[in-house]
Amino acid sequence: MGANIKDVAKFAGVSPSTVSRVIHDNSRISQATKERVRNAMVELGYVPNAAASSLAGRTPRTLGLVLPNNPGELFKNPFFINAMRGISVYAQARGYFLLYSFSRDEEDEIQFIRNYINSGWVSGVILLAARKDDRCVDYLKLSDFPFVLIGHAADPLTTCWVDNDNFQAMYQVVTYLLEKGHRKIGFLGGPETFRVTQDRYNGYIQALKGRGFPLEEELVFMGDDFTEDSGMKGGKEILGSIMPDAIATTDDQLAFGLLKYMEENGIEGIAVTGFNNTVRGIYQRPGLTSVDVNADLLGERAAELLINLLETDESERQNLSPNHYFVETKLIPRETA
């Protein structure tokens, strides 16, 4: 049998009425008491009745997550799983719950956001990807609904966002490959509509130019998604025209597809790098050189920003500081490069 409100009160050393006030975020309860009660809820696995709170007209303590994948593809890419884990751990510690939606395209995402806002079931939204000319961001801003973006915001001063320095991370990868003696370096990216692809592509270009090497367009491929299939297509496209020394990819899944294509076609001697430092990349042989983007921390920081935004008076939200976080990356060299 699960814990009840009396169990939480006893564990936290407060009255049941205080627990109830914490659940409903009563402003008269001190922050220290709120944290103690919320920690007790986490320890005991107590889940408040969100439906009852909604019917009572109170703001729901639920965050809506918009994932840019259908469920089948989502669970093949550990980046989103790790980011969701970071969001979940932090949100639970602060007494919030999560509602997920999966999407096929941007139109789907907007419809889910519309449903989130109109239903009243969530108090804020986290977008797990940033696009150029992002319609989801535009819709949320037009609706004046609290949200945080995982990815570099087009308008970084008026949007709450969390990201890596993807330009610098890819710049470091290409510099590493050049210092290893590679001179013809290809680029295998995901969809061009995603800002992460653009930022990493710009880092690739600048690293080459900084060392006096020209951009060779035939060594560049932009895929439709971040899957192994797209990596195989990229391998066929790049390696079918010219043989590079190395190929930098923007995602481990793309790198796995590229390596599979190379193995199936007997191609050897080309260095390959990925991004996200997935478990498969660590344990496969040869081990995949990759960039650890610290996806769990990206998720934690996104949840932290959104909850801080929600718990800030509306009149002060424009002045929320900080309104963004950069999460550090680390290049992890292994056998593929």
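The values are calculated or read from the model by the stated rules, or taken from the named source; none is laboratory data. These figures come from a predicted structure and were not determined experimentally. A quick note on method: Cβ atoms are made from the backbone with ideal geometry, for glycine too, and the neighbour counts reach across all protein chains shown.
Assorted remarks:
- The residue of the stretch 241-284 that is nearest to the chain's Cα centre (by Cα), among those that are aromatic (Phe, Trp, Tyr) and surrounded by fewer than 24 Cβ atoms within 10 Å (Cβ to Cβ), is 256.
- Output for the stretch 213-240, where each listed residue is outside any helix (DSSP H, G or I), among the charged types (D, E, K, R) and within 23 Å of the chain's Cα centre (by Cα): 224, 225
- Selection status of residue 208, out of contact with any Phe, Trp or Tyr (no Cβ under 8 Å at 6 or more places or on another chain), in a helix (DSSP H, G or I) and over 20 Å from residue 76 (Cβ atoms): yes
- Scope the stretch 242-264; condition assigned to a helix (DSSP H, G or I) and of a type in the set (A, V, I, L, M); matching residues: 254, 255, 258, 259, 262
- Failed item, numbered, when residue 181 is tested on (1) crowded, with 20+ Cβ neighbours inside 10 Å; (2) within 17 Å of residue 246 (Cα to Cα): (1)
- Here residue 174 fulfils each of the conditions (1) surrounded by 22 or more Cβ atoms within 10 Å (Cβ to Cβ); (2) in a loop (DSSP other than H, G, I, E, B) apart from (2).
- Among the residues of the stretch 307-321, just one is outside any helix (DSSP H, G or I) and touching a helix residue (DSSP H, G or I) at 6+ places or on another chain (Cβ under 8 Å), namely 320.
- Of all residues in the stretch 294-320, those that are assigned by TED's automatic domain parsing to the domain that holds residue 82 and of a type in the set (D, E, K, R) have Cβ atoms under 8 Å from Cβ atoms of residues that are surrounded by fewer than 23 Cβ atoms within 10 Å (Cβ to Cβ) and in a loop (DSSP other than H, G, I, E, B), 6 or more apart or on another chain, in 301/327; 311/25; 317/146.
- Here residue 233 meets the list (1) buried (at least 20 other Cβ atoms within 10 Å of the Cβ); (2) touching a strand residue (DSSP E or B) at 6+ places or on another chain (Cβ under 8 Å) almost entirely, failing just condition (1).
- Scanning the stretch 20-41 for residues that are outside any helix (DSSP H, G or I), surrounded by 15 or more Cβ atoms within 10 Å (Cβ to Cβ) and at pLDDT 80 or above turns up just one, 29.
- Members of the stretch 310-337 that are touching a strand residue (DSSP E or B) at 6+ places or on another chain (Cβ under 7 Å) and either surrounded by 13 or more Cβ atoms within 10 Å (Cβ to Cβ) or on the phi > 0 side of the Ramachandran plot (or both): 310, 324, 325, 326, 327, 329, 331, 332, 334, 336, 337
- One residue stands out in the stretch 123-140 among those that are assigned to a helix (DSSP H, G or I) and in contact (Cβ under 8 Å) with a residue 12 or more places away in the chain: the one that is surrounded by the fewest Cβ atoms within 10 Å (Cβ to Cβ), namely 135.
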